[in-house]
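Remarks on the structure that follows.
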Amino acid sequence: MKVKMSEDEKKLFILMYAFLFAGLILGSFFDERIADSVYLPRNVFVTILTTIGQYPFAASGVMLFGAVFQRIVHGSSSDLKKIVLGGIAVIAAMSSGIAGAGPLLDADCMGGVYPSLDGNMTAIALIALFLEYPMFFLGYRLAERSDDRDLAKKAIAAFLMMFAGFLLMQGMKHFFCRPRYRTLVLGYEGIYFIPWYTRFPDAAAMMAEYGLPSGEFRSFPSGHVVLASCVTIPLLLGSSCFESLRTKRRQLIAAGMIFAVFVMGTRLILGAHFLSDVSAAGIIGYAFVLGYDRILKRMEERGTETPSR
């Protein structure tokens, strides 16, 4: 049986993409003016909010590996295979936790307010220990409550799609090297505004001349917004694997979209991005969300097929 997206869900994605493309078009003409009107430098409250917005992406990854670990441990594989695959899942979860804790304390988040936290390995380890790693056990417990035979496959696919979105975002940042608005307002000679579709050619020279970190030339697209958009992926996984959430799929998608828009706002206020940066990031992130939704649909279609006699 072919599994299709409901009309309400289609309307949500159409509305979100209309909003994002409108932002991209508007930003293409008025990026500087909009950035100037909303910029509140070093606002501690908004920085806390944007840090919170960064958290769910990595935490979801750790949780997904917890679910995969549960399926491995209780699967029918040999003990040796369970030990090997289970070890890989634990190592992947630990790596995701550390990788996710670092950005919470860098200059784009709390490290911008408290510089001593940026790169502080003790603080990063504590964040991973108390905020990231407990999600592994949550994923394990949630997997115990689901009878979905494809949960592990769906969880791995979710992680891969989220990771692919992360890699694409990083590649685009390194290619475009767009200066952030908060850097432009400092008035460095040679650092100037460029539209989102233009590559800034002098990033390396400006970093060397003024001692600026490479992150100040990573404005396009917004990494926070790509990651925030991809948080909808584990929400879709939950709606697929838990009977109680299948009727709430539309609400989960809407919640994910509201969260992404919330993160977009914090990035604009802090001068970390232009409107075109956050809009393009949302377009990228939701492309991966739709791709994962298609993967889920195909898995569900296979699950409803009746074996021929």
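A few comments on the model shown:
- Every condition in (1) assigned to a helix (DSSP H, G or I); (2) under 20 Å from A35 (Cα atoms) is met by M206 except one, and the failing one is (2).
- Verdict on G61 being closer than 19 Å to Y286 by Cβ, outside any loop (DSSP other than H, G, I, E, B) and either of a type outside the set (S, T, N, Q) or not assigned by TED's automatic domain parsing to the domain that holds P134 (or both): yes
- Hits in the stretch 126-139 - residues which are free of Cβ contacts under 8 Å to residues at least 40 places away in the same chain and within 21 Å of the chain's Cα centre (by Cα): I127, A128, L129, F130, P134
- Test: residue in the stretch 36-52 that is under 16 Å from M135 (Cα atoms) and either in the same structural domain as G256 (by TED's automatic domain parsing) or modelled with pLDDT under 95 (or both): yes
- Any hit, the stretch 293-308, residues being assigned to a loop (DSSP other than H, G, I, E, B), more than 15 Å from P56 (Cβ to Cβ), out of contact with any Leu (no Cβ under 8 Å at 6 or more places or on another chain) and charged (D, E, K, R): yes
- Among residues of the stretch 140-167 that are touching a residue at least 40 places away in the same chain (Cβ under 8 Å), those with a Cβ under 9 angstrom from a residue that is buried (at least 18 other Cβ atoms within 10 Å of the Cβ) and in a loop (DSSP other than H, G, I, E, B), sequence gap 6+ or separate chain, pair up as K154/D148; M162/V231.
- Residue within the stretch 114-136 that is modelled with pLDDT of 95 or more, touching a helix residue (DSSP H, G or I) at 6+ places or on another chain (Cβ under 6 Å) and not in a helix (DSSP H, G or I) present: yes
- Scan of the stretch 169-189 for residues that are in a helix (DSSP H, G or I), under 29 Å from Y292 (Cα atoms) and in contact with a Phe, Trp or Tyr (Cβ under 8 Å, 6 or more places away or on another chain), ordered by number: M172, K173, F176
- A67 surrounded by 16 or more Cβ atoms within 10 Å (Cβ to Cβ), touching a Leu at 6+ places or on another chain (Cβ under 7 Å) and within 22 Å of F288 (Cβ to Cβ): yes
- Qualifying residue in the stretch 94-106 (condition: in the same structural domain as G53 (by TED's automatic domain parsing), assigned to a loop (DSSP other than H, G, I, E, B), crowded, with 21+ Cβ neighbours inside 10 Å and not acidic (D, E)): yes
- When each of V263, V231 is tested for being in contact (Cβ under 8 Å) with a residue 40 or more places away in the chain, more than 23 Å from L26 (Cα to Cα) and either surrounded by 16 or more Cβ atoms within 10 Å (Cβ to Cβ) or among the polar types (S, T, N, Q) (or both), the lone residue that passes is V231.
- Being in a loop (DSSP other than H, G, I, E, B) and over 27 Å from S146 (Cα atoms) is a property that A280 lacks.
- Filter pass, G119 being without any contact (Cβ under 8 Å) to a residue 60 or more places away in the chain and on the phi > 0 side of the Ramachandran plot: yes
The values are calculated or read from the model by the stated rules, or taken from the named source; none is laboratory data. This structure is a prediction, so every number in the text was calculated from the model and none was measured. Glycine gets a Cβ as well: all are built from the backbone with ideal geometry, and neighbour counts include every protein chain shown.
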